[in-house]
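Report on one structure; see the data block that follows.
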Amino acid sequence: MRAWIVHAPGPVATGPLRRVERPVPEPGPGEVLLRVRACGVCRTDLHVAEGDLPPRRPGVTPGHEVVGEVVAAGDGARRFQAGDRVGVAWLRGTCGACRYCRRGQENLCPESRYTGWDEHGGYAEYAVVPEAYGYPLPAGWDDQQVAPLLCAGIIGYRALRRADLPPGGRLGIWGFGGSAHLAAQVAIAEGAAVHVFTRSAEARKLALDLGAASAQDSDHPPPEPLDSGVLFAPAGDLVPGALAALDRGGTLAVAGIHLTDLPALNYQRHLFLERTLRSVTANTRADGEEFLRLAERLRLRVTVTPYPLDAADRALADLAAGGVSGAAVLTP
C-alpha cells in the first residue's frame with residue numbers, strides 16, 4: 001500500500017515526509033483494519049513532521065483525522081462490522097486504571113498513546129485502530145467533510161469548553177483554520193458574539209461568512225472586551241494581547257499541543273482581575289462523542305481544501321504557509 005512517513009523531522013521546506021510502499025497492516029487483538037477513505041491534515045501533523053513534538057516512533061505515518069471503512073477485524077473485535085464507516089482521532093489508547101482515567105480525565109493519562117505519533121496514522125491507504133477508540137460516524141456527511149471533525153472539531157470543542165464562555169458571551173478567536181472555523185460555529189449557535197483575529201484575509205472573509213461579529217488582523221484590539229478567548233495559532237507572542245483583551249474574570253484557552261515561547265507577562269495588565277490562562281491537552285472519548293452528536297444536530301459547515309494522497313507533502317507545506325482555507329483533507 002502507499003503511505004507517507006516522517007523520515008527526517010525538520011522544517012517542512014526540507015521535505016521531512018517520504019512516500020513509501022509497505023504491506024497492509026494486520027489488525028491485532030481488539031483492533032479493526034480500515035481502508036482509508038479520507039484523512040484530515042492537522043497542524044499537529046506539522047508539529048510531528050517538523051520535530052516540534054519529539055519523535056516517538058521512527059518512520060511514523062502521520063494523520064489522526066481518519067475516516068475509514070472496516071475491512072477486517074482482529075481477535076475479539078466485535079464492536080464494528082465489515083463495511084462500517086469508522087472515525088479515528090488523536091487519542092488512541094489509555095491505561096484505564098490511573099487516577100486520571102478513573103475520574104474521567106483520560107486525556108491526562110500518563111500512558112496515553114496517540115494516532116500518527118505513537119502509532120501509524122491515516123496518511124496511507126489502510127490503517128488500524130483499537131475498536132474501543134474508534135468512533136461511529138454520523139450519516140449525511142461525506143468522507144471529506146467528516147474527517148476534520150475528528151480532531152479539529154473535537155479539540156476545538158474542548159478548547160471552547162475550557163474557555164468558560166458564558167451564555168450569550170463575547171468570544172475572541174486567534175487563528176482561523178480547520179479547528180477554529182468549527183468551534184466558532186458552535187459558539188455562534190449558542191448565542192455568542194465571536195470576534196476573529198487572523199493574518200489571512202481569506203480566513204477573515206470565511207469568519208464573517210460563518211456569522212462572526214467581526215474579523216481583523218491578529219494584532220488588532222477587539223471591538224469590545226471579551227469574556228473568553230481561544231488561541232488556535234501556535235504563537236506564544238499573541239498570548240499577552242489576548243489576555244489584555246479579556247474583560248474581568250475572562251478565560252483564555254490555548255488549544256494547540258505546541259506553542260512558541262511566551263513573552264513576559266505583566267501581572268496587573270494581563271492576569272489581575274481574575275483573568276485565567278488555561279492549556280488544552282488532547283481530549284477524552286466522551287468529548288468526541290458529545291461533539292459529533294452536536295455537529296450533526298447543528299449541521300456544522302465544514303470548509304475543506306482537498307488533496308490527493310500523493311500530495312500529502314504539498315498539503316502540509318500549504319498548511320505551514322497559511323495557504324489552506326478551512327481544513328485540508330487527503331483522499332486516497
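The values are calculated or read from the model by the stated rules, or taken from the named source; none is laboratory data. All of these numbers come straight from a predicted model, not from anything done at the bench. Quick reminder, even Gly has a Cβ in these numbers, built from the backbone with ideal geometry, and neighbours come from all protein chains shown.
Okay, here's what the table says:
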item: Odd one out for H220, checked against (1) in a strand (DSSP E or B); (2) without any contact (Cβ under 8 Å) to a residue 40 or more places away in the chain; result: (1)
item: Residue, farthest from G122 (Cα to Cα), within region 59-78, restricted to residues that are over 25 Å from the mean Cα position of the chain (by Cα) and surrounded by 16 or more Cβ atoms within 10 Å (Cβ to Cβ); result: A77
item: Test: residue in region 142-158 that is surrounded by 21 or more Cβ atoms within 10 Å (Cβ to Cβ) and among the basic types (K, R); result: yes
item: Filter result (over 10 Å from the mean Cα position of the chain (by Cα), surrounded by 24 or more Cβ atoms within 10 Å (Cβ to Cβ) and in a helix (DSSP H, G or I)) within region 36-52; result: V48, A49
item: Listing of strands (runs of 3 or more DSSP E) fully contained in region 264-331 that carry 1 or more residues being closer than 30 Å to R18 by Cβ, in contact with a strand residue (DSSP E or B) (Cβ under 6 Å, 6 or more places away or on another chain) and in contact (Cβ under 8 Å) with a residue 60 or more places away in the chain; result: 304-308, 327-331
item: Answer from G169, G140 - the residue that is over 22 Å from S325 (Cα atoms) and either free of Cβ contacts under 8 Å to residues at least 60 places away in the same chain or among the aliphatic types (A, V, I, L, M) (or both); result: G169
item: Some residue of region 255-263 being free of Cβ contacts under 8 Å to residues at least 40 places away in the same chain, buried (at least 18 other Cβ atoms within 10 Å of the Cβ), out of contact with any Gly (no Cβ under 7 Å at 6 or more places or on another chain) and among the aliphatic types (A, V, I, L, M); result: no
item: Every pair of residues 6+ apart whose Cβ atoms lie under 7 Å, when the first sits in region 38-57 and is at positive phi while the second is assigned to a loop (DSSP other than H, G, I, E, B); result: G51/P9; G51/G10
item: S279 of a type in the set (S, T, Y) and touching a Lys or Arg at 6+ places or on another chain (Cβ under 6 Å); result: no
item: Complete set of residues in region 231-245 that are within 12 Å of P221 (Cα to Cα) and touching a residue at least 40 places away in the same chain (Cβ under 8 Å); result: L238, A242, A245
item: E202, sole failed condition from (1) under 15 Å from the mean Cα position of the chain (by Cα); (2) in a helix (DSSP H, G or I); (3) more than 14 Å from D227 (Cα to Cα); (4) in the same structural domain as V254 (by TED's automatic domain parsing); result: (1)
item: The one condition in (1) part of a strand (DSSP E or B); (2) in contact with a Cys (Cβ under 8 Å, 6 or more places away or on another chain) that G172 fails to fulfil; result: (2)
item: Answer residue from region 95-127, given it is farther than 21 Å from P55 by Cβ and within 20 Å of the chain's Cα centre (by Cα) and is surrounded by the most Cβ atoms within 10 Å (Cβ to Cβ) among those; result: E106
item: Verdict on A253 being under 24 Å from L294 (Cβ atoms) and touching a Ser or Thr at 6+ places or on another chain (Cβ under 8 Å); result: yes
item: Per-region count, region 223-254, residues of a type in the set (V, I, T) and either in a helix (DSSP H, G or I) or not assigned by TED's automatic domain parsing to the domain that holds I173 (or both); result: 1
item: Of all residues making up region 101-136, the number that are within 15 Å of E289 (Cα to Cα) and in a helix (DSSP H, G or I); result: 5
item: Pairs, first touching a residue at least 60 places away in the same chain (Cβ under 8 Å) and more than 24 Å from W4 (Cα to Cα) in region 126-137, second part of a strand (DSSP E or B) and of a type outside the set (K, R), C-beta under 6 Å, six or more apart; result: L137/G87
